[in-house]
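Read through the structure below, which is laid out as structure tokens, and then see the notes.
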Amino acid sequence: MSRARGSKALGAFALERLLNAVPLVIGVIVINFLLVSLAPGDPVTALIGEFPAPPEYVERVRAQYGLDRPVPERMVRYLGSVVRGDLGFSFANRQPVLELVLERLGRTLVLMISTVVLATIVGVVLGVWAARRPHSGVDRGATGFALAGYSIPEFWLGQILILVFAVGLGWLPAGGFRSIRADYVGWAAVVDQARHMILPMLALSFRYMAITTRLTRASLLEVMNSDYILASRARGLSERRVLWEHGLRAAALPIITVIGYNFSFIVAGSALVETVFGWPGVGRLMYDSIFTRDYPVLLGILLIVSIAVILVNLLTDVAYALFDPRVRY
Amino acid sequence: MSRAGAPPAAAPTAGETVLELRDLTTEIRSVRGLVRPVDAVSLRVRAGEVVGLVGESGSGKSMTAFSVMRLFPTKAARLVSGEVRLRGRDLVPLPQEAMRAVRGREVGMIFQDPASYLNPVLSVGRQLEQQLQAHAMGRGARARIAELLRDVGLASEIAGRYPHELSGGQAQRVGIASALACRPALVIADEPTTALDVTIQAQVLRLMARLQREGGVAMLLITHDLGVVAEVCDHVYVMYAGRIVEEAPVASLFAAPQHPYTQGLLAGVLDLIEPKPIEVAIHGSVPDLASPPPGCRFHPRCPHVMDVCRRETPPHFEVGDARAACWLHDGAPGAEATA
Amino acid sequence: MGLSVPAAPTAVGGVRGFWRQFRRHRLGVAGLAAVVLLGLVAVFAPLLAPYDPFSTSRNAFAPPGSPGHILGTDHLGRDVLSGVIWGARVSLIVGLAAAFTATVIGIAIGAVSGYFGGWVDELLMRITELFQIIPRFVLALIVVAFFGSGLTNLILVIGILSWPQTARLVRSQFLRHRSLPYVDGARVVGMRAPRIIFSEILPNVMAPVIVVASLDIAQAILLEASLGFFGLGDPNLRSWGGMLNTAQGFVQRAWWMSVFPGIAISLAVLGFNLVGDGLNEATDPRLREGS
Ligand SMILES: Nc1ncnc2c1ncn2[C@@H]1O[C@H](COP(=O)(O)OP(=O)(O)OP(=O)(O)O)[C@@H](O)[C@H]1O
Ligand code: SF4
Ligand SMILES: [Mg+2]
């Protein structure tokens, strides 16, 4: 059936959300600036890091950010630099920070997106299963699974998965992004990379499977008691259709929301999991930068990741509006 | 009008019994014990006829309707005995899948609050389409939906709308379209106008009556409103605390009600919506179904109560063309006890 | 005061009634048992731990069950059991203190926002949103990297980054309560805003706040362990996260170095999560009526 409202209205809604996001982005930049200004010692250290840098560069940074100027001017200069995309230079990596982070972002996104997909599918299936027979063995099992997911730290789960599947059973590689020794090409390379991704993905998705399971179960139980479900049964719809087309459609809304709003936790989780598995993404970069005291990289990651979270939240709002015709836009 | 999909059963002939309930009993396990909101209910609806089912709130009218569909708003409810004969075939022994094929196809249902009985996130057209598909009438659904919407006085563009974009009257028209979508033999309407504005109520009622007449379907109309009964029903059943207490053709019921409860209703002392005692001495309202009074369930409120009423359940006595479950008619001239 | 003020709705029907409600939630009781156990271990750590958690020995990589080392030793010969026992202290202190900090900040911001409304509310809610969006772990990491990872710093950082949920909750409760008759009554008799906020409204909205606080403890323990795993724990204290950081280098060689501290973290977090769920069911009037 055709939608009553055009894409124009949706565009306007998205634009409005976008405008709403601007102060948040500015807020994030201000927090970054505050971190730089409040850090103990010479603020130039926060901008350059503790990796040895040539003195000319140090002086240039001092001048660029006006470190001898009053705070408001420093803030404006900082904002200006960030908006121009200048996040500083990483001497430990011999690369501009923005370039470095964006380079690593791809692998992190691959991990996060496959995690979200996996967690959503498994969580929804488990949640539906549990909701079909509340208080049954299956339901109890799903509840136990959810509790474990909420409580087990993903980095520890990662270590345990390595212990069992890599060290113990030898089925999967213990870490890395691809096999270094063998030089796979074509499909073999894809399979090789996929094998490296399985364990990190499992470790990272456990918590979100648990969240999705619990949420699916709860919203489905509520929805399936509603009048319109009764009515669709009275129209002769099969239980399967009632569940998938009516029940889950309604349950999808909270699921979309929770995935969107938990994105910043997935970010943290992936940093930890990447560290466990030596997955060369942003998280691993963060871990390494702590040891090299490469502050501009850390600040750059905070900035980019925060903006990514803001964008994901924005997309969540739009997706919600697409899914629920009652949202006015 | 082209009919797509499953071969329809032959249209009921006028006067054929479409629905017959025999001693239908439904129980609900509740925290206060076992409740029987439908207790040995028998009734009959013929083709082309509108049969009213009236009674106070909580008397079991909706539960009777749900028992016909064998579809309950709570898992605690269960049909325990009796027969539900639809055009002669008993539905009670049917397995779930066969029952599903009956719902929405042979029996259409119209609910009280139209908005809450439509899924808010699916368009009206999609919901009607699902129903047609469920009964193998998916081919040509679009045209059929447009036709249905036209029949209930809505523009075909309504198909693309979502429930929250409809007015109450429009939503109930969609409800009626859904009930009639697969040309059922029987339509059960559970207080179809109660939730609507007064001005809209009359329109919707007239629409239902017209469609019912044109399609020759049988209709079981559940209502609080005696005015509605007088206007559109041919025959009436009066329900009290899970039981049928009186049954009569509309004219007879209004001219000469036989059961003290019906008499109270018509005298206006017993308001269906806010029950009030008939006399000051007769207090209380609808009895608690978890522990109903023994004997005649109406006895705590009845102005004519006798000793026997407190001890024994009155059977149905035939009084002229009516039947009433009341001891007053025991041995009265022309009265005859049935079941 | 001569004027009678309408009675405020009571949140919980006495301690005993509350316990009766809580007891029915079996998982909640199990969680409470875990939390109590954690507390006892933390308090009596010096008595329970067989060794100083930092004292090294020649007996490195001793597997669990070795004489004198039930849970084995690490690469420096430090006793794993003693580390797990002392780690309970760190986790519990950080968890409780950080959640307390977060709750206090959350109540203050939520109460002001909900009670006064208007532009104050608008501004505070924007800030709350900002704090909810910024990845807590990344920000905590940077702050700790800049300012040092001593125990106090950890507590403050985790606390300061964890208040938004409490603030939102308190705000919504205050929005609901501020127009109730008992608050109007307090205003009529001339009570001033701070007094109304703290002694009139606050006691009535504490039940859900406590639920969130106990879930916050679980989150704080998890966050502290994560920072520890990144090498940003208090260097002078043996913590579970720190032990897992060490274990990372020896996963293939000494499984016990990962397994036991991880179980400890999971149980502690699970315990507070279960207590939170149990409190929620015991104090939520909607859930209570049904049963
Ligand atoms: N979900 C339920 N759980 C327990 N008992 C119920 C439930 N729904 C209905 N009942 C019982 O069934 C009885 C009949 O309810 P029913 O809904 O059929 O009444 P009704 O005549 O349709 O009333 P109304 O005019 O208010 O719609 C009620 O009095 C109540 O005791
Ligand atoms: S049976 Fe008795 S109590 Fe019942 S209605 Fe008749 S007279 Fe009244
Ligand atoms: Mg009803």
Rg followed by Dmax, in Å, when the stretch C:66-153 is reduced to its Cα trace: 20.1, 67
Compute the Kirkwood hydrodynamic radius of chain C, taking the inverse of the mean of 1/r over all pairs of distinct Cα atoms, and give it in Å to one decimal. 21.0 Å
In sequence order, calculated HN-Hα J values of the stretch B:296-307 (Karplus, 6.51, -1.76, 1.60; Hz; x Gly/Pro): 6, 5, 8, 4, x, 10, 8, x, 10, 4, 10, 4
Two-site FRET efficiency, A:Leu19 against C:Leu175, from Cβ-Cβ distance with R₀ of 45 Å, rounded to 0.05: 0.95
Selection from C:Ile221, C:Val188, C:Gly231, by position along the positive dipole direction of chain C (Cβ): C:Val188
Send over the semi-axes of the stretch B:15-235's equivalent ellipsoid, whole angstrom and largest first, taken as the square roots of 5 times the C-alpha gyration tensor eigenvalues. 27, 20, 18
Return the distance in nm (one decimal) between the two label points of a simple spin-label model at C:Phe147 and A:Gln95, each offset 7 Å from Cα along Cα→Cβ. 3.1 nm
Taking every residue of A:24-36, the Cβ atoms of other protein chains inside 10 Å of its Cβ average out to 3
Out of C:Ser179, C:Leu274, C:Trp256, whose Cα points farthest toward the positive end of the dipole of the stretch C:156-278 (charges: +1 Lys, Arg; -1 Asp, Glu; placed on Cβ)? C:Ser179
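Net charge within 11 Å of B:Leu91 by Cβ-Cβ distance, Lys/Arg positive one each and Asp/Glu negative one each, not counting B:Leu91 itself? Could you put the intermediate results ahead of the total?
Numbers: positive: B:Arg70, B:Arg85, B:Arg87, B:Arg89, B:Arg103; negative: B:Glu20, B:Glu83, B:Asp90, B:Glu106.
With Lys, Arg at +1 and Asp, Glu at -1, the net is +1.
Using alpha carbons only, what's the Rg to Rh ratio of the stretch A:100-241 with Rh from Kirkwood? Provide the component values of the computation, followed by the final result.
Working: Rg = 19.5 Å, Rh = 17.5 Å.
So for the stretch A:100-241, dividing Rg by the Kirkwood Rh gives 1.11.
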In whole Hz, with x marking every Gly and Pro, tabulate ³J(HN,Hα) for the stretch C:83-96 from phi via Karplus 6.51 cos²θ - 1.76 cosθ + 1.60, θ = phi - 60°. x, 4, 5, 5, x, 4, 4, 4, 4, 5, 4, 4, x, 5
Size of the dipole of the stretch B:15-235 about the Cα centre, Lys and Arg at +1 and Asp and Glu at -1 on the beta carbon, nothing else charged, in debye to 20? 660 debye
For a label point 7 Å along the Cα-to-beta-carbon line of B:Ser30, residues of the stretch B:307-322 with backbone N under 20 Å: none
Of B:Trp327, B:Gln170, B:Met137, which is farthest towards the positive pole of chain B's charge dipole, taken about the Cα centre with +1 and -1 on the beta-carbons of Lys, Arg and Asp, Glu respectively? B:Met137
Cα-based shape type of chain A, given that a ≥ b ≥ c are square roots of the gyration tensor eigenvalues and the cut on a/c is 1.5: oblate
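Assigning unit charges at the beta carbon (Lys, Arg +1; Asp, Glu -1) and nothing else, what dipole magnitude in debye, to the nearest 20, does the protein assembly as shown show about its Cα centre? Walk me through the numbers before you get to the answer.
Details: 87 positive and 74 negative charges, 237 e Å.
Approximately 1140 debye in magnitude.
For A:Leu102 and C:Ser57, what does the FRET efficiency come to when R0 = 45 Å and r is the distance between their Cβ atoms, rounded to the nearest 0.05?
On the way: r = 48 Å, r/R0 = 1.06.
The calculated FRET efficiency here is 0.40.
Express the C-alpha Rg of the protein assembly as shown as a ratio against the empirical globular expectation 2.2 N^0.38 Å, rounded to two decimals. Intermediate values should be presented prior to the final figure.
On the way: Rg = 35.2 Å, N = 959, 2.2 N^0.38 = 29.9 Å.
Ratio of Cα Rg to 2.2 N^0.38 Å: 1.18.
Based on alpha-carbon atoms only, what is the radius of gyration of the stretch C:176-291 relative to the globular estimate 2.2 N^0.38 Å? Walk me through the numbers on the way to the answer.
Numbers: Rg = 21.9 Å, N = 116, 2.2 N^0.38 = 13.4 Å.
Against the empirical 2.2 N^0.38 Å value, I get 1.63 for the stretch C:176-291.
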Going by average Cβ density within 10 Å per residue, which order do the peptides A:242-254, A:143-155, A:11-23 take, highest to lowest? A:143-155, A:242-254, A:11-23
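Carbon and sulfur together cover what percent of the accessible area of the stretch B:15-235 at a 1.4 Å probe radius?
The value for the stretch B:15-235 is 49 percent carbon and sulfur by accessible area.
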On the protein heavy atoms, probe 1.4 angstrom, tell me the percent of accessible surface of chain A carried by carbon and sulfur. 65 percent
Interface buried area A-B, accessible surface with 1.4 Å probe, both sides summed, nearest 100 Å², comes to 2700 Å²
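Just how large is the dipole of chain A about the Cα centre, in debye to the nearest 20, putting +1 at every Lys and Arg Cβ and -1 at every Asp and Glu Cβ?
With only Lys, Arg, Asp and Glu charged at Cβ, the dipole is about 1220 debye.
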Taking the solvent-accessible surface of protein heavy atoms with a 1.4 Å probe, what is the per residue accessible area of the protein assembly as shown in Å²? 43 Å²
Would you calculate a helix-derived [θ] at 222 nm for chain A, using -39,500 (n - 2.57) for each DSSP H run of n ≥ 4 and dividing by the full residue count, to the nearest 500? -24000 deg cm²/dmol
Any idea of the total accessible area buried by the A-C contact, 1.4 Å probe, rounded to 100 Å²? 4000 Å²
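The values are calculated or read from the model by the stated rules, or taken from the named source; none is laboratory data. Here the structure is a predicted model, which is why all the values come from computation and not from measurement. We place every Cβ from the backbone using ideal geometry, glycine too, and count neighbours over all the protein chains shown. For the accessible areas, the whole protein counts, side chains as well, though only heavy atoms, and no ligand, DNA or RNA atoms are used. Shrake-Rupley method; radii C 1.70, N 1.55, O 1.52, S 1.80 Å.
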